[in-house]
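**Student:** Handing you a structure now.
Read-outs throughout are calculated quantities, based only on the coordinates presented, and are distinct from any laboratory measurement. Predicted, not measured: the structure shown is a model, and the values here were computed from it. Here Cβ is always computed from backbone atoms with ideal geometry, including for glycine, and neighbour counts include all displayed protein chains.
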Amino acid sequence: MATDTLPNAAGIIGAAVPRIDGPLKTTGTARYAVDHDFPGLAHAVAVQSTIASGRIRKLDASTAEKMPGVLLVFHHGNMEKVYRLFPHQDDATTSEARPPFEDENIYYWGQYVAVVVAETLEQAKAAANAIRIEYDADKPNLNPDLSDFAGPRQSSWRRGDPDKALAAAPVTIDQTYITPVETHNPMEMHGTVAVWEGDSVTLYESSQGVINHRIVMAEVLGIPRENVRVISRFIGSGFGGKLFPWPQSTMAAAAARKLNRPVKLSVDRRMMFSNVGHRPHTEQHIRLGATTDGKLTAIRHDFLSQTSLNDDFVEHCGEQTPFLYSCPNLEVTTGMVRRNVGAPAPMRGPGAVPGLFALESAMDELAVKLKMDPLELRLKNDADRDEGKNLPFSSRHLKECYTTGAEKIGWKQRTHEPGSMHRNGKVIGLGLAGASWAAARVPCTATVELCPDGRVCVRCATQDIGTGTYTIFAQVVHAKTGVPLDRIDVFLGDSSLPEGPTSGGSMATSAVLPATTSAVNSAVNRLLNIAALTPKSPFHGMKPEALAFTNGMIHPKSEAQVVGAALHSGSQFTANGVPFEEVLKLANLSGITATGKTSPSFEDPKAKAYSLHSYGAHFAEVEWEPEIAHLRVSRIFSIFDCGRIINQKAGTNQILGAAVMGVGMALFEGTHYDQRTGQPINGNFADYLVATCADLPDLDVTFLDYPDYIVNEYGARGIGEIGMAGVAPAITAAVYHATGVRVRELPVRIEHLLQSKVLES
Ligand code: MOS
């Protein structure tokens, strides 16, 4: 639907609308998973393995079981029956296939080996400390060098003959890029409150997918799906770590069932580093071949992704490689290397973020070797169709991202040699990198209800992980009805609502828009019909087509309404219509509800004929003080082509937050395991460094805002993850430009920079 056919109040689509749930969060009214309390609630504390490989020889809970307040200790010797999820089940995904306490085997440090439930948290903690465990420990494999990989490799993309082209190429790059384990650290940690009522359980969770969570837990607990309800109304972010259930949910549910009491189990910050996923360590071998004037002739991207012993999570680093550049000869291969670590998980921009660190770093190295401007190299090799899938792009404006960013940062003034630019006594480095992320329209069902109190309710079992999903629903309803935002109630984060999408893959917004639009349009049509059919209605006898609904008022189409009344005022009826709740009253209706659905793009022949992706570019500036080996990221300009932006404020927040995470990835983050014990040795916020306010550059976000109508009628793609892609390679390119040091293993450390020969400013 084109903008000009959207009805009244349509200006709210694309506006910078503050989050409607903001006040609930800032006033502490919003209740997160473990904020829930119930009469008789018991507290659970998990016990973790202190070895990373081996077996439990003896677990003695006898002292713990006799301690004050202790209600239950579960371990492999007495765990009540729970099941595995059927492997490769197509409508549900879990994080760890092995249910908690399935046997005596230990696969990683921190693996849950017991859970203690007591009347109080303190009693549970004390008893957890009193459990004695003897292990038969094997030597764990935590080798940070993945070169012991013995195969097999999978080739996911191939075209032309890359090896022959590399051999023939006059200019080549052949380098390996390494990214460390990075740990999701959302502000809100994982946790579960499990409440049984007969054979049914309600789980209060911090989940990015309440529907998926419900299906998984039904299978694991061995009960029908309709007997599981998952509630996740507010989430203190997730970054992908909360897409799929973790064992604590099973432990809490099983304990609550056994005790017939509500049970609360929180994952603490230390456990966040071992038990609820991470972005895995990757080693990526990139080979590029090019002509002397900078045209790519070959790309090889052969990567290894570390994973756990029991699960097969792979960081798909090569997803963007086949279509980002035009190149006739290409291959992407994947290898999986097992280590004694917990299961990895998707983390913001999985695959693309480490993958583009490697590819874009190699492109920067190629530009240096060619003595060519890295911007020029990008523009020269830009693709005008997806050469991987051999499909046209639905909408791609990557070149404009580059040229806009270049303009903003003043790229023209950039000089080629490392250490050649100065400002205020500091050496300046400028670097850039591109970004991409897939788009799709996933299925969604939503209902819209016109309520007798003049409010409008929207319901969908998706959830808002902090990105602004609540607000998107309200914007659509406001755009279509004119009912002010403060009279729109959005209900999300409850698996009993109409089935909605997981908040993942940057696909929630594009999924909820069509369903909500269709639901609200149907509800309004029904309302106008009722207005025309109800004997006491002032519109009785008129044709429904002759009626319109503007600013929450029904009126004859012929009598124009004042549109665009203040968005946030409670009762700004501006004209001569009848409030819809009056008509509901006259018709004696408790409300009018309509359902809308989003059809998935993978079933849409039109969408399947295109390569659907978002694009972007980051331009980074660093300041380098060689005398004291001090590096600081001073500016980042982020220019993104993510389709039409529905909410400028929430959208900008996504790219800003992602750029902040990207600074962390470039300069600070990395989880390190003790080689002897397998314990994450920096598993806390003092030693695992993330970018803080003091580390941040000036950040500047620009959206090109080209609608992509192949994805949906609003032209919106997604923006949650792409902003993190390209930040680290833009920064390391800038670091090279300032210092002459090429960092191929993240994060950039002072040890790397001490090799800099750029000594004077
Ligand atoms: Mo995203 S890593 O799918 O939450």
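**Student:** Calculate the radius of gyration of the Cα atoms of region 291-425 to one decimal place, then report Dmax, the largest Cα-Cα distance, as a whole number, both in Å.
**Tutor:** Spelled out, the Cα radius of gyration and Dmax of region 291-425 are 17.8, 54 Å.
**Student:** Under DSSP H, which helices of the chain have Cα atoms covering 27 Å or more of the helix axis and a Kyte-Doolittle average no less than 0.0?
**Tutor:** Membrane-span-like by this rule: 508-533, 648-667.
**Student:** Okay, moving on. I'd like the distance separating the alpha-carbon centroids of region 455-527 and region 621-673, in whole Å.
**Tutor:** 30
**Student:** Which net charge results when you count Lys and Arg as +1 and Asp and Glu as -1 among the other residues whose beta-carbon is under 12 Å from that of P600?
**Tutor:** Result for the local shell: +1.
**Student:** Could you compute the FRET efficiency for T692 and R526, with r as their C-beta to C-beta distance and R0 at 51 Å, rounded to 0.05?
**Tutor:** Working: r = 52 Å, r/R0 = 1.01.
That gives a FRET efficiency of 0.50.
**Student:** Which order do the peptides 737-749, 364-376 come out in when sorted by mean C-beta neighbours inside 10 angstrom, highest first?
**Tutor:** Peptide ranking by packing, descending: 737-749, 364-376.
**Student:** Let me ask something else about it. Peptides 440-451, 467-478, 525-536: what's the order by average Cβ count within 10 Å, highest mean first?
**Tutor:** 467-478, 440-451, 525-536
**Student:** What's the extension gain from S599 to H416 if we count 0.36 nm per residue and subtract their Cα-Cα distance? Kindly include the intermediate steps, with their values, before the conclusion.
**Tutor:** Details: separation 183, 0.36 × 183 = 65.88 nm, distance 4.98 nm.
Taking 0.36 nm per residue and subtracting the Cα distance, the gain is 60.9 nm.
**Student:** Still on this model: Give the long-range amide H neighbours of V341: residues separated by 5 or more places, or on another chain, with amide H under 5 Å away, using H modelled in the peptide plane at 1.01 Å from N.
**Tutor:** Residues meeting the amide H criterion: L309.
**Student:** Using a cut-off of under 13 Å, list every residue of region 609-628 whose amide N is near the label point 7 Å from the Cα of K399 along the Cα-to-beta-carbon line.
**Tutor:** Counting only backbone N, you get no residues.
**Student:** Now, a different point. What does the convex hull of the alpha-carbon atoms of region 192-244 project to on average, in nm²?
**Tutor:** 3.4
**Student:** Under Stokes-Einstein, with the Kirkwood radius over Cα pairs standing in for Rh, what whole-number D in µm²/s applies to the chain at 20 °C and 1.002 mPa s? Write down the numbers at each step before the final one.
**Tutor:** Values: Rh = 27.7 Å.
Translational D for this selection: 77 µm²/s.
**Student:** State to the nearest 20 debye the size of the charge dipole of the chain about its Cα centre, where the only charges are +1 on K and R beta carbons and -1 on D and E beta carbons. Before the final figure, lay out each step's value.
**Tutor:** Working: 71 positive and 82 negative charges, 141 e Å.
Using only the charged Cβ atoms, the result is roughly 680 debye.
**Student:** Less than 10 Å Cβ to Cβ from V276, Lys/Arg counted +1 and Asp/Glu -1: what total charge do the surrounding residues give?
**Tutor:** That sum, taken over residues with Cβ under 10 Å, equals 0.
**Student:** Which of P100, A730, T445 sits closest to the plus end of the dipole of the chain, meaning its Cα is farthest towards the positive end, when Lys and Arg get +1 and Asp and Glu get -1 on the C-beta?
**Tutor:** Looking along the dipole axis, the top candidate is T445.
**Student:** Enumerate the amide H contacts of D674 below 5 Å, restricted to partners 5 or more residues apart or on another chain; note that Pro and chain-start residues carry no placed amide H.
**Tutor:** It is Q679, I681, by chain and number.
**Student:** Once the piece of chain linking E627 and E713 is laid out straight, how much longer is it, given 0.36 nm per residue of separation minus the C-alpha distance between them? Intermediate values should be presented prior to the final figure.
**Tutor:** On the way: separation 86, 0.36 × 86 = 30.96 nm, distance 5.57 nm.
Gain on stretching E627 to E713: 25.4 nm.
**Student:** Here's another thing I want to ask about it. Calculate, in whole percent, how much of the Cα-Cα pair population of region 28-175 lies beyond 24 Å.
**Tutor:** 57
**Student:** Cβ under 14 Å from I215's Cβ, I215 left aside: what net charge do those residues give with Lys, Arg +1 and Asp, Glu -1?
**Tutor:** -2
**Student:** Apply the Karplus parameterisation 6.51 cos²θ - 1.76 cosθ + 1.60, with θ equal to phi minus 60°, to every residue of region 312-327 and state each ³J(HN,Hα) to the nearest whole Hz, in sequence, with x for glycine and proline.
**Tutor:** Values per residue, Gly and Pro as x: 10, 5, 10, 7, 7, 5, x, 4, 8, 4, x, 10, 5, 10, 7, 6 Hz.
**Student:** Right, here's the next one. Skipping prolines and chain starts, which residues have an amide H placed within reach, meaning under 5 Å, of the one on G419, given they are 5 or more residues away or on another chain?
**Tutor:** Result for G419 returns A738, T739, G740.
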